[in-house]
Amino acid sequence: MEFLKDLPPAKSTATTFYDHSNDPWFKNRFTESESEKSAAVVAFKAVPVYLKRQGFRPRSPEDFGDGGAFPEIHVAQYPLGMGKNKSSKPGSKTLPVTVDAEGNVVFDAIVRQNENSKKIVYSQHKDIIPKVLKNERGGDGVVDEEEELQKQIQATTEETKAAMEKIVNVRLSAAQPTNVPRQSGDSEFIKYKPSQQSAAFNSGAKERIIRMVEMPVDPLDPPKFKHKRVPKASGSPPVPVMHSPPRPVTVKDQQDWKIPPCISNWKNPKGYTIPLDKRLAADGRGLQDVQINDNFAKLSEALYVAEQKAREAVSMRSKVQKEMMMKEKERKEQELRALAQKARSERTGAPASMPVSSDRARSESVDPRGDYDYDRERERDRDRDRDMEREREREGPKESRAEREERIQRDKIREERRRERERERRLEAKDAATGKKSKITRDRDRDISEKVALGMASTGRKGGEVMYDQRLFNQEKGMDSGFATDDQYNVYDKGLFTAQPTLSTLYKPKKDTDEEMYGNADEQLDKLKNTEKFKPDRAFTGASERSGKRERPVEFEKEDEQDPFGLDRFVSDVNKGKKPLDKIGSGGTMRASGGGGSSSRDDYGGSGRTKINFERGDR
Amino acid sequence: MPGTTTKDAESIEPQSLKRALDLPPPVPEAKKIRLSHKIKVAFGGVEPVSQTGTSSASVSSLHERNFSTSALMESTRWPRPEWHAPWKNYRVIQGHLGWVRSVAFDPSNKWFCTGSADRTIKMWDVATGVLKLTLTGHIDQVRALAVSNRHKYMFSAGDDKQVKCWDLEQNKVIRSYHGHLSGVHCLALHPTEDVLLTGGRDSVCRVWDIRTKRQRFALTGHDNTVCSVFTRPTHPQIVTGSHDTTIKFWDLRYGGKAMTTLTHHKKSVRAMTLHPKEDAFASASADNTKKFSLPKGEFCHNMLSQQKTIINAMAVNEDGVMVTGGDNGSIWFWDWKSGHSFQQSQTSVQPGSLESEAGIYAACYDQTGSRLVTCEADKTIKMWKQDENATPETHPVNFKPPKVIRRF
């Protein structure tokens, strides 16, 4: 305040428009300090004298008297409220630091705030260190303990029951309200006069009395508005976590948790590319080795050996047989030759049995020399025979030159054919040996489908043309348009028996129904069939005599305009004394190319009055 | 509570031990910094106002909490495990057509009932293992069962959100407790009150009045499925374990509020069991099995080995044989007092089922504690008993006291 006095006085204190004393800032600054000072001045307690301040805790401003803090008292002191945090209200979030008996800061005071102050909160390291339960029960103490326990249980039960009863009672009373809002039975009568006094208004009543009754309310109605109570958040901080932080996942853990994806051989909806080895592994079939019994191998080996042996035996046997056959043949040939020689010698008269016998003897003696020599011998023998024959032929009756030529030709052809056959047989034998089929057998053994594919099947029709349903052609819409609705009878495009004239049989009259009247059935039929009578005996004049159909529309010719109706001529005809009507038919103005003569339709080319003479056709 | 004082947790005196082991002094700053950082983050800082004279009875000294565990654990004072005979499987009961998910014993110990994923509840004779009765009514897996010892009632709860009360004299559903918003996973009966507790996937534990079918309380506070619950006659009356890894104690007297929250587990607490005599319970999660003392919920110790699987079922009998059944079919038997696993066995699946179908979903001792029933994923129920021929000589206890317990 003195500081203010030193300042020069304000110039316009009198002319100020703003009332500083009412400014809240001003009020805060000055009135408060003044009131505080006054409070400090007005009431302060007697402070105990020095060295007698044991147990004295200066807390409120009046404890300090007029002075400052007491240094010998080790308590936070706020003389004149200096340094005191005024914002530390009950709702604030800062806590004063508290210390325990040994002067250590109690850090866990923070978790023992509002609601937790009544609870047990474990927050210290000693709460997580292992302890071993003391489990020593004295022999005599058991009974007391049991009794104590029973008592305790009893007490707890009673207490709980009472508490729950209370809750239930509250609920019950809420559910069965005793103070049901009374329906006010008393009614209020209001009398009023309408302002419009006329007969037309208000039924002409002069005044009315209204009875006002409160609308009855169903007491059992559920409440219209539901108040949903939001649970109050607990004001206490969360309890401390009493375990160590989770350990980092080791590589082994990660590997243990790695679950391979499911691989299916049938489904792959996401379309992943799955390596072949994974697929095979998923299949599971390759996982176990297939154990093949040795006996399979043994069996096949034995079979092979047996087959070989059998083949050898067969070939050996066949060889022996062939040799035997050959020998037999040889012997027969020799015999025949000997016979022939004998016969020849008999014919010639010379005894010629010698060479045969010598030959046979030689052949028999030659045998051990081997087949080759034997064959050569045989060839030589044959040549000799042929020469002998030729000589004989020469000796025989002479043939003419032409005959000879012919014979040679024939022989040549014969020889050729023989060679051809031989070659074919050889080829066939070779093919059969190698397992190939000859052309003939191959074709014969073909499958039906093969035959059809090769066009070898005899389908009756040689054109190779495929039959199609006629209805499938010439259609614009498609297949199903060809088949009409079910009630339409168009299944067949043709009559079943096209050869038979349907119409001719349909209207055939019965025989001898009324003969005397209409004549014989044939007569009637003829009559019916006869359409000659419908044919005009002459054509329209001017119409071209064409039997064919009309190619163009009917053309009309224009005549002279002066007399369209031929009145002049009519008049002149009258003068001539001719009948006018005779001319009309023949002198038609229409030049129409009439329909064909066989047409049964009425072609009324002329006017309605035109008379056409039908001539009965001769029969 | 004079009854519980003798069983109170005894913490080992740290000072002498420290001197004895001659350990380097711990670094208190690190912890302090971390804690203060947490506080700052959460509540915007603390103003350094010293305030003497506050009641510091509940607050303990700073340096006491900063010792490492190894220093605190004196291996010589760790209790020796008692010898227990090994357990062996003596009966396999087939009959269910799906996973067997729950089991409960009759108080008379004549029969037990199992609930299955085939939506049926079957009752079996304990002595012979013969099927006595099949109850149908649920339309989804039967996840929890309880037989009342105060009424002739059986209670069942399932994934179909239904909680049913069966009258065992008529074998009929007589009540159904409607209110769960999702599948019900656990169920418990209060021992002294006519109150039924169910916890489910809607992360609420509901307290039902058995007679009136009305919901007394909805114990809200868990952040995830409530998958285990048990009750006690004294405080705390309700204890729930949840997939949010916490265990909560609830007070029935004051409007069903959570009294204590235990956050010692790292994984969901799927199974809890109360010791029949001691005031202690054990809770199992995938990381560890932990033991807590009861009125206050003080942490006692971890079990000395880790099963390393999801533990679905847990039971303890009066002899102190605790059994835990895992998702991979492992059944471990523990000594309750010392936390030593004296038998680590594996169930064998019934022929015809996959190897992966070995899994324990529920386990329960009979009323005497001499027989164990496990419900398994291979659709069978297996019964176990102790090997009579075993002696401490044939099956010696292979126990080494823990030197350092690092895992909390």
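The values are calculated or read from the model by the stated rules, or taken from the named source; none is laboratory data. Every value quoted in this text rests on a predicted model; they were computed, and no experiment measured them. Neighbour counts are summed over all protein chains in view; Cβ atoms, including those assigned to glycine, are modelled from backbone coordinates with ideal geometry. For accessibility, only protein heavy atoms count, side chains too; no ligands or nucleic acids. Shrake-Rupley method; radii C 1.70, N 1.55, O 1.52, S 1.80 Å.
Averaged over B:264-276, how many beta carbons belonging to a partner chain fall within 10 Å of each residue's beta carbon? The partial results should precede the final answer.
Numbers: counts 6, 2, 6, 2, 0, 0, 0, 0, 0, 0, 0, 1, 0.
Mean shielding count: 1.
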Packing-based ranking, highest mean first, of A:407-418, B:113-124, A:151-162 given that Cβ atoms within 10 Å are counted: B:113-124, A:151-162, A:407-418
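Longer than 26 Å from Cα to Cα, which of A:LYS252/B:LYS308; A:LYS161/B:LYS337; B:LYS266/B:LYS379; A:LYS161/B:LYS213 are they? Say none if no pair is.
Going by Cα-Cα distance, A:LYS161/B:LYS337; B:LYS266/B:LYS379 fall outside the 26 Å limit.
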message: Can you give me the orientation-averaged projected area of the convex hull built on the Cα atoms of segment B:87-386, in nm²?
response: 13.4 nm²
Segment B:87-386 - accessible surface per residue (Å², probe 1.4 Å): 34 Å²
Within-15-Å neighbourhood charge of B:PHE399 [Cβ basis; K, R +1; D, E -1]: +3
query: Cα atoms only, segment B:105-194: Rg and Dmax in Å?
result: 12.5, 39
- request: Name the residues of segment A:118-132, by number, that are at least 20 Å² less accessible with every protein chain in place than in the isolated chain; the surface is that of heavy atoms, probe 1.4 Å, without ligands or nucleic acids.
  value: A:LYS119, A:ILE120, A:TYR122, A:GLN124, A:HIS125, A:LYS126, A:ASP127, A:ILE128, A:ILE129, A:PRO130, A:LYS131, A:VAL132
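At a probe radius of 1.4 Å, figure out the A/B buried accessible area, summed over both chains, and give it in Å² to the nearest 100.
Values: alone 57740 and 20620 Å², together 71790 Å².
Protein heavy atoms only, the A-B interface buries about 6600 Å².
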task: Would you mind checking A:LYS131/A:LYS258; A:LYS226/B:LYS296; B:LYS161/B:LYS382; A:LYS119/A:LYS224; B:LYS382/B:LYS403 for any pair whose Cα atoms are more than 31 angstrom apart?
output: A:LYS131/A:LYS258; A:LYS226/B:LYS296; A:LYS119/A:LYS224; B:LYS382/B:LYS403
task: Indicate the gyration tensor shape class of segment A:198-356 (rounded, prolate or oblate), computed on the Cα atoms with a ≥ b ≥ c the square roots of the eigenvalues: a/c under 1.5 is rounded; otherwise a/b larger than b/c is prolate and the rest oblate.
output: oblate
- prompt: Looking at segment B:267-361, which GluC sites (Glu not before Pro) are in a loop (DSSP not H, G, I, E or B) and have at most 14 other Cβ atoms within 10 Å?
  reply: B:GLU318
query: Per-residue HN-Hα couplings for segment A:243-249, Karplus 6.51 cos²θ - 1.76 cosθ + 1.60 at θ = phi - 60°, whole Hz, x for Gly and Pro?
result: 9, 5, x, x, 6, x, 6
